[in-house]
Structure formats: structure tokens, C-alpha cells
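Okay, so here's the structure we're looking at.
The values are calculated or read from the model by the stated rules, or taken from the named source; none is laboratory data. These numbers come from a predicted model, not from an experiment. Neighbour counts run over all protein chains shown; Cβ positions are idealised from the backbone, glycine included. With ligands, DNA and RNA removed, areas are computed over all heavy atoms of the protein, side chains included. Shrake-Rupley method; radii C 1.70, N 1.55, O 1.52, S 1.80 Å.
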Amino acid sequence: MDGIASAVEDLEVFKRAYRISLAVHRRSLGFPAVEQRALADQIRRASKSICANLAEGFARQGLTPADFRRFIMMAMGSADEMRVWIRYCLDLGYIDEATWQSWRQEYHEIARMLQGLLKAVQHRV
């Protein structure tokens, strides 16, 4: 694996994305009933898709390194998507300013880490 990791769970970006997806999931369960099949469901799926895309891409990297890059880019898109969704959560009053700031910063950092991982993977080929 050229120093990247032996398992997807060993990647620091995976660990961070997993932790925040749990926080998002737990918080979204308290959203109003009208949002459970809308915004709450959307943020649960988008937050978890970062880890899911990393896992799927990581598993495929031995077969085709281009797949890993593609899945990293999808994870980056999900991290950026979450920054939009959490803004809606703030503006609709479902999360407070401190939570929004914290989550926004964490998703920014996750996106930055994914960019670094993408560069590392591109240099291996």
C-alpha cells in the first residue's frame, strides 16, 4: 500500500469522517418529524457516504488505482455537500451556531485531508 494504510479504518481521514458522521446522525434524530425523511435523512446519508466511498475505493485500489481516486473524489464531494446541508440546519434552527462552526470546520479539514490523500494516491501511479 506504499505507506498509505493497511486498512481503510487506519486512515486518519476515515476516523475523522466516521466520528463526525456519528455526531451528525445522533443530532439529526432530534430534528422535527417533518424533516426525518428530508433534511435529516439527507445529512445522515451524505455524512456516511464519505466513509463508504473511502471504504469502497480502498478495497478496489489493488484492482484499479483509478477507482480509488474516483472514490476519493466522490468522498470530497460529499464533504463539500455536507457544508451546504449543515448551513440549512443552522438557518432552519436545527443546530446552534457553535455546532455549525465546529462541523463546518471539521468538514473543511476532512476535504483538505482527502485532497492530500488524492495527491498521495496519484503519485503512486
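Structural remarks
- Sequence-distant residues sharing a close amide H with residue 95 (under 5 Å, placed H): 90
- Long-range tail of P(r) for the chain (Cα pairs > 18 Å, %): 50 percent
- Per-pair calculated FRET efficiency, R0 = 25 Å: residue 60 and residue 98 via Cβ, rounded to 0.05: 0.05
- Compactness of region 60-125 - radius of gyration and Dmax, Cα, Å: 14.9, 46
- Accessible surface for the chain, divided over its residues, is 54 Å² per residue with a 1.4 Å probe.
- Loop-located trypsin sites (Lys or Arg not before Pro) in region 11-113 (DSSP state not H, G, I, E or B) with no more than 15 neighbouring Cβ atoms inside 10 Å: 37.
- The dipole here belongs to the chain: it is taken about the Cα centre, uses +1 on the Cβ of Lys and Arg and -1 on the Cβ of Asp and Glu, and is about 140 debye.
- Our estimate of slack between residue 25 and residue 88, defined as 0.36 nm per intervening residue step minus the Cα-Cα distance, is 21.1 nm.
- Taking 84, 24, 34 as the candidate residues, the one with maximal mean-square fluctuation in a Gaussian network model of the chain, Cα springs under 10 Å, is 34.
- Size descriptor, Kirkwood hydrodynamic radius, that averages inverse alpha-carbon separations across region 14-74, Å: 12.5 Å
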